[in-house]
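The values are calculated or read from the model by the stated rules, or taken from the named source; none is laboratory data. Because the structure is a prediction, the values reported are computed rather than measured. Neighbour counts are summed over all protein chains in view; Cβ atoms, including those assigned to glycine, are modelled from backbone coordinates with ideal geometry. The protein model used for the area step is the full one, side chains on, heavy atoms only, and it has no ligands, DNA or RNA in it. Shrake-Rupley method; radii C 1.70, N 1.55, O 1.52, S 1.80 Å.
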Amino acid sequence: MSSLPYKIATLLYCFDEQDRVLLMERAQEPNLGLWSPCGGKLDTARGESPYAAACREAMEELGIEIQPADLHLTGLVSEHGYGGQAHWLMFLFEVKTRLTRLPAAHREGRFAFFRREELASLRLPKTDLEQIWPLFWQHRNGFFAAHCRCSADGTYQWFVEESHA
């Protein structure tokens, strides 16, 4: 595999008062047309921290102001060669503040709340459905680190590198 860029992102796992998870149906790549947590890339040129990026993304995408203390780092996922386009390092944060309203749609997609048992019937990215969501639920009040080796033939190899359920 030739040299690929490394992208660093945050994902925000937000819940409402009924413990339904907020997902965005993406209107652009990556994961166009699929449901996933909102979030975005770190501003690496400015040296932005993952926590600062998560707070910024919460304001930009959800219209809520949060502080780093409002976040719980549930997981750290690295993906080698995702889609043959890039390597990803993703910080998975649960937002402790419960949402009281559905955020407005914007250029990146539209939002909806879902119960945990509804996720299997949604159009989710394959790695989210098969690996990331099960790891998130298992470690919701703990922490995990996982690595995914993505192959050109579309197969994946997952390794849990740290687990505190």
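Which one of these is under 21 Å from residue 29 (Cβ atoms) and part of a strand (DSSP E or B): 159, 144, 111, 93? Talk me through it step by step, then tell me what you get.
Numbers: 159 fails: under 21 Å from residue 29 (Cβ atoms); 144 fails: under 21 Å from residue 29 (Cβ atoms); 93 fails: under 21 Å from residue 29 (Cβ atoms).
Going through 159, 144, 111, 93 in turn, the sole match is 111.
Do any residues in the range 25-36 that are on the phi < 0 side of the Ramachandran plot have Cβ atoms under 8 Å from those of residues that are exposed (fewer than 11 other Cβ atoms within 10 Å of the Cβ) and assigned to a loop (DSSP other than H, G, I, E, B), where the two are at least six apart or on different chains, and which pairs are they?
26/32; 27/107; 28/107
From the list 130, 117, which residue is open to solvent by 60 Å² or more (accessible area, probe 1.4 Å), part of a helix (DSSP H, G or I), over 16 Å from residue 13 (Cα atoms) and not small (Gly, Ala, Ser)? It would help to see each step written out before you state the result.
Values: 117 fails: over 16 Å from residue 13 (Cα atoms).
Just a single option satisfies the conditions, and that option is 130.
Restrict the check to the range 85-92 and report whether at least one residue is open to solvent by 20 Å² or more (accessible area, probe 1.4 Å), aromatic (Phe, Trp, Tyr) and more than 12 Å from the chain's Cα centre (by Cα).
No; the residues of the range 85-92 include none that is open to solvent by 20 Å² or more (accessible area, probe 1.4 Å), aromatic (Phe, Trp, Tyr) and more than 12 Å from the chain's Cα centre (by Cα).
Among (1) within 16 Å of the chain's Cα centre (by Cα); (2) in contact (Cβ under 8 Å) with a residue 24 or more places away in the chain, where does residue 133 come up short?
Unmet condition: (2).
Restricting the range 67-90 to residues that are of a type in the set (S, T, N, Q) and in a loop (DSSP other than H, G, I, E, B), which is nearest to residue 165 (Cα to Cα)?
Filtering first and then ranking leaves 67.
Going by the conditions given, is residue 96 at pLDDT below 95 and either out of contact with any Pro (no Cβ under 6 Å at 6 or more places or on another chain) or open to solvent by less than 60 Å² (accessible area, probe 1.4 Å) (or both)?
Details: at pLDDT below 95: no; either out of contact with any Pro (no Cβ under 6 Å at 6 or more places or on another chain) or open to solvent by less than 60 Å² (accessible area, probe 1.4 Å) (or both): yes.
No.
Please work out which residue is farthest from residue 138 (Cα to Cα), limiting yourself to the range 44-80 and to residues that are open to solvent by less than 50 Å² (accessible area, probe 1.4 Å), over 16 Å from the mean Cα position of the chain (by Cα) and of a type in the set (Asp, Glu).
Here the answer is 48.
Could you pull out the residue among 18, 28 that is at pLDDT 95 or above and outside any helix (DSSP H, G or I)?
18 is the lone residue from the list that is at pLDDT 95 or above and outside any helix (DSSP H, G or I).
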